[in-house]
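Below is one structure, written out as structure tokens; the observations come after it.
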Amino acid sequence: MLARRLTRIALWTLAALAVLILAAFLWLRQTPAWAGITLFWESHRVENFRAMDRVFPDRPVRRGADVWAFDRAPAPLPETYAFAGATRDLAAFLDRSETTGLLVVHAGAITHEEYRQGADATSPFTSWSVAKSVLSALIGIAVEEGHIASIRDPIGAYVPALAGSGYADVPIKDALTMSSGVAFDEDYENPMSDINMLFIRAMAMGVPAEETLAGLERVREPGTYNDYVSSDSMALGLVLEAATGMAPADYLASHLWGPMGAEADATWSTDLAGREFALCCLNATLRDWARFGRLYLESGARDGRQIVPADWVAASIVPTAPHLQPGENPASHWTFGYGYQWWVPEDPQGDFLAIGVWGQYIYVDPTREVVIVKTSADPLFDDNDHESVAAFRAIAQAVAGD
């Protein structure tokens, strides 16, 4: 009798717990936290990557009144490209790398524009780390305007909260080239890595970014080794905000997005305190990403009006020190070269690109007057970066008639 009663109590307890768990699950699905929890889920990430306003709070980046128009000159993509000693099928690669948008511009004219997996011309594609290249442009403008006296200045001189950290004496230039020497674990697969904890602390717990960065230590001399760490970009964002006295989104709108002639407002995802997450998460249409690439193709100018200083653009896209050179390099973590938050691929041909995780790219080939934007939800993005460059080079050659 007692055993039967205890069994009945246990079953009722388990049933009640199951109901509570189900109720909690259903409640969680209706909250903003659900989008963050499912951000990278295979069933959700394509939609999430063009709806970041449902994942994080954001600041608007307003467009101006005058749109920088593209001409139209439709041209077919090449069917194949060469990679790793083999001929590859381009359409298959676009499928395999989970492309969501592809836009090709040659000599100011759109030659190819396509949207996939539910996206369209109005979709605000998230940048991930492509935003770092935009941040670089803003730093260059701030230098030109005198807000930043010199990129040789130490970061701690602009951000007092980092005066006692590993960033205190790091020159701004060394953060621009991912050469700060500060230890930072960029492993996205480790839930306790520095990059993941930076997101969690800022986006979920409301901890200011400078508080997290203040705890980082330097493990080597700045300017000696190229180690891609997103904390360098976060530090640059703090420098920009302190130097200009403006929120980065507002500075971007007034000094670049509007003057560049964007056709749509953008947004910049923020932490809980409303500060832009400078290392990533700028959300814009495919055409506006192409306009930013075109601006760099035109040495920072739009129709003769200089927006990003020409000398800054030139310095940004050329590796200037041995540890920044492309190819096998014992003083670099990777085989791509690095400028001021821009990548330079192996076998340099004058081309350069902005890269974001999950397969976001702005590729620029000044020699052929080509800009290519590709957005994706590619889980194998690290493995596909080199092949993406091979595909972009084939597209550029085809549209330029090489």
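Hand me the list of strands (runs of 3 or more DSSP E) wholly inside region 338-402 holding 1 or more residues that are among the charged types (D, E, K, R) and within 27 Å of W312 (Cβ to Cβ). Spell out the reasoning first.
Working: elements: 352-356, 360-365, 370-376.
Fully inside region 338-402 and qualifying: 360-365, 370-376.
Among the residues of region 91-102, count how many are exposed (fewer than 15 other Cβ atoms within 10 Å of the Cβ) and in contact with a Phe, Trp or Tyr (Cβ under 8 Å, 6 or more places away or on another chain). If you could, list the steps in order and put the result at the bottom.
From region 91-102, those exposed (fewer than 15 other Cβ atoms within 10 Å of the Cβ) are 91-92, 95-96; that's our starting set.
When the remaining residues are screened for being in contact with a Phe, Trp or Tyr (Cβ under 8 Å, 6 or more places away or on another chain), the result is none.
Number satisfying all stated conditions: 0.
Filtered by the rule that a residue be farther than 21 Å from A161 by Cβ and either crowded, with 16+ Cβ neighbours inside 10 Å or in contact (Cβ under 8 Å) with a residue 60 or more places away in the chain (or both), region 188-203 gives Y188, N196. The residues of region 103-130 that are surrounded by fewer than 21 Cβ atoms within 10 Å (Cβ to Cβ), of a type in the set (A, V, I, L, M) and under 17 Å from D288 (Cβ atoms), listed by number, are A109, I110, A121. Note on region 70-90: residues that are in contact (Cβ under 8 Å) with a residue 60 or more places away in the chain, of a type outside the set (S, T, N, Q) and either in a strand (DSSP E or B) or surrounded by 11 or more Cβ atoms within 10 Å (Cβ to Cβ) (or both) total 9.
Out of curiosity, is A278 in contact with a helix residue (DSSP H, G or I) (Cβ under 6 Å, 6 or more places away or on another chain) and under 30 Å from M205 (Cα atoms)? For A278, the condition - in contact with a helix residue (DSSP H, G or I) (Cβ under 6 Å, 6 or more places away or on another chain) and under 30 Å from M205 (Cα atoms) - is met. Residues of region 143-173 that are in a helix (DSSP H, G or I) and under 24 Å from the mean Cα position of the chain (by Cα): V143, E144, I155, L162, I172, K173.
Here is a check on your reading of the model: is D194 of a type in the set (D, E), out of contact with any Pro (no Cβ under 6 Å at 6 or more places or on another chain) and at pLDDT below 95?
Values: of a type in the set (D, E): yes; out of contact with any Pro (no Cβ under 6 Å at 6 or more places or on another chain): yes; at pLDDT below 95: yes.
Spelling it out, D194 is indeed of a type in the set (D, E), out of contact with any Pro (no Cβ under 6 Å at 6 or more places or on another chain) and at pLDDT below 95.
Listed by first and then second residue, the pairs with beta-carbon distance under 7 Å, at least 6 apart or on different chains, first residue in region 377-391 and at negative phi, second buried (at least 17 other Cβ atoms within 10 Å of the Cβ) and among the acidic types (D, E), are A377/E98; D378/E98; N384/D378. For region 37-52, which positions are exposed (fewer than 15 other Cβ atoms within 10 Å of the Cβ) and either of a type outside the set (F, W, Y) or over 30 Å from P191 (Cα atoms) (or both)? Across region 37-52, the qualifying residues are I37, E42, S43.
Of a type in the set (S, T, Y), modelled with pLDDT under 95 and closer than 30 Å to R275 by Cα: which single residue out of S43, S129 fits that description?
Details: S129 fails: modelled with pLDDT under 95.
Answer to the check: S43.
One residue alone among W358, W334 is within 20 Å of the chain's Cα centre (by Cα), buried (at least 20 other Cβ atoms within 10 Å of the Cβ), modelled with pLDDT of 95 or more and aromatic (F, W, Y), and that residue is W358.
Cβ-Cβ distances below 8 Å connect the following pairs, each with a first residue in region 204-226 that is on the phi < 0 side of the Ramachandran plot, a second residue that is of a type outside the set (S, T, N, Q) and exposed (fewer than 12 other Cβ atoms within 10 Å of the Cβ), and a separation of six or more residues or different chains: P208/A273; A214/G164. Comparison of L297, L240 shows that the only residue that is within 21 Å of the chain's Cα centre (by Cα) and closer than 25 Å to F56 by Cβ is L240.
Scanning region 131-179 for residues that are aliphatic (A, V, I, L, M), over 29 Å from R294 (Cα atoms) and crowded, with 21+ Cβ neighbours inside 10 Å gives I155, V159, L162, V170.
One residue stands out among those in region 262-307 that are touching a Lys or Arg at 6+ places or on another chain (Cβ under 7 Å) and hydroxyl-bearing (S, T, Y): the one that is farthest from Y251 (Cα to Cα), which is T270.
Of the residues in region 306-330, how many are in contact with a Phe, Trp or Tyr (Cβ under 8 Å, 6 or more places away or on another chain) and part of a helix (DSSP H, G or I)?
We begin by selecting, within region 306-330, every residue in contact with a Phe, Trp or Tyr (Cβ under 8 Å, 6 or more places away or on another chain); these are 308, 312-313, 315-317, 319, 323-324, 326.
Okay, now just the ones that are also part of a helix (DSSP H, G or I), so 312-313, 315-316, 323-324.
Matching residues across region 306-330 total 6.
Quick check: anything in region 128-141 part of a loop (DSSP other than H, G, I, E, B), under 23 Å from the mean Cα position of the chain (by Cα) and aliphatic (A, V, I, L, M)? No: zero hits. One residue alone among T111, T122, T100 is within 24 Å of W268 (Cα to Cα), part of a strand (DSSP E or B) and of a type in the set (V, I, T), and that residue is T100. Scanning region 239-285 for residues that are farther than 20 Å from R302 by Cα, part of a loop (DSSP other than H, G, I, E, B) and in contact with a Ser or Thr (Cβ under 7 Å, 6 or more places away or on another chain) returns F277, A278, L279, C280, C281.
Scanning region 377-392 finds one or more residues that are within 24 Å of L77 (Cα to Cα), among the small types (G, A, S) and surrounded by fewer than 22 Cβ atoms within 10 Å (Cβ to Cβ).
The values are calculated or read from the model by the stated rules, or taken from the named source; none is laboratory data. Since we're looking at a predicted model, the values are computed, not measured. Note that we place each Cβ from the backbone using ideal geometry, even for glycine, and neighbour counts take in every protein chain shown.
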